[in-house]
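Working notes, structure below.
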Amino acid sequence: SQQGEEDPQALSIQEGENATMNCSYKTSINNLQWYRQNSGRGLVHLILIRSNEREKHSGRLRVTLDTSKKSSSLLITASRAADTASYFCATDSTGNQFYFGTGTSLTVIP
Amino acid sequence: DTAVSQTPKYLVTQMGNDKSIKCEQNLGHDTMYWYKQDSKKFLKIMFSYNNKELIINETVPNRFSPKSPDKAHLNLHINSLELGDSAVYFCASSLPSGANVLTFGAGSRLTVL
């Protein structure tokens, strides 16, 4: 299967703490992307990391990529209640084929 | 001015019926997709069209037939609906190549009774 697999499936933290979620995949990729899905809504793109990059930052988000281990992590620093959502990684092998996993459900408690 | 819009948002129907979900994007993207999200939130790609041509068909039953009248529209028609078709169906679009990202619609929740 080309799907990514997120870990943990669910994560509950206090506001202000950091949240880390992981993604593992099986095939070689061009890039890996993280998306966020609020309850009852569509997915929204957060950040993209290319296969030749090891780390990328965007605001409170930090993404790492280890292509030798076929894994990525998403760190959300200083979490807020509004960060409560499901987070998905998506792998892109050819430029227009995106494969998702089941996501990590994050709950940030105020 | 919604970028990717899909209708209807909710659809409740009986087993055996035929239904359609429509999707339109105003982003000028060449590639459009249908994804199915099940009750466990697993998001599975179903189809991908690039400029009206089918490029991905991920082992979807032939009861599902996508139709792309132009590159801004990708509709999904489902024949002989089954209970297992109940899910949220998402339309998305992207530019055709390179490090592109997906823009999703809000989803269409299909419930088959």
Practice problem: Identify all residues within region A:75-103 that are β-branched (Val, Ile, Thr) and either in a strand (DSSP E or B) or within 8 Å of chain B (Cβ to nearest Cβ) (or both); write none if there are none. | Solution: A:76, A:91, A:102
Quiz item: Which one of these is aromatic (Phe, Trp, Tyr) and at the interface with chain A (Cβ under 10 Å from one of its Cβ atoms): B:33, B:10?
Solution: B:33
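Of everything in region B:82-113, what is surrounded by 15 or more Cβ atoms within 10 Å (Cβ to Cβ) and over 16 Å from residue B:8 (Cα atoms)? Give them in sequence order.
B:93, B:94, B:95, B:100, B:101, B:102, B:103
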Exercise. Give just the number: which of (1) crowded, with 19+ Cβ neighbours inside 10 Å; (2) over 14 Å from the mean Cα position of the chain (by Cα) does residue B:47 not satisfy?
Key: (2)
Practice problem: For region A:15-33, enumerate the residues that are of a type outside the set (Asp, Glu) and closer than 12 Å to residue A:106 by Cβ. | Solution: A:18, A:19, A:20, A:21
Quiz item: Is it fair to say residue A:39 is surrounded by fewer than 17 Cβ atoms within 10 Å (Cβ to Cβ) and more than 21 Å from residue B:41 (Cβ to Cβ)?
Solution: no
Exercise. Within region B:40-63, count every residue that is more than 11 Å from chain A (Cβ to nearest Cβ) and within 16 Å of residue B:109 (Cβ to Cβ).
Key: 1
Exercise. Could you tell me which residue of region B:64-92 is farthest from the other protein chains (Cβ to nearest Cβ), considering only residues that are touching a Phe, Trp or Tyr at 6+ places or on another chain (Cβ under 8 Å) and among the small types (Gly, Ala, Ser)?
Key: B:68
Exercise. Would you be able to say whether some residue in region B:4-22 is part of a strand (DSSP E or B) and under 27 Å from residue A:5 (Cα atoms)?
Key: yes
Quiz item: Can you name the number of the only condition in (1) within 13 Å of residue B:32 (Cβ to Cβ); (2) at pLDDT 95 or above; (3) within 14 Å of another protein chain (Cβ to nearest Cβ) that residue B:107 fails?
Solution: (1)
Quiz item: Out of the residues in region A:43-67 that are farther than 18 Å from residue A:101 by Cα and in contact with a Lys or Arg (Cβ under 8 Å, 6 or more places away or on another chain), which is farthest from the other protein chains (Cβ to nearest Cβ)?
Solution: A:62
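The values are calculated or read from the model by the stated rules, or taken from the named source; none is laboratory data. Quantities reported herein were computed from a predicted structural model and do not represent experimental measurements. Note: ideal-geometry Cβ built from the backbone for every residue, glycine included; neighbour counts use all protein chains shown.
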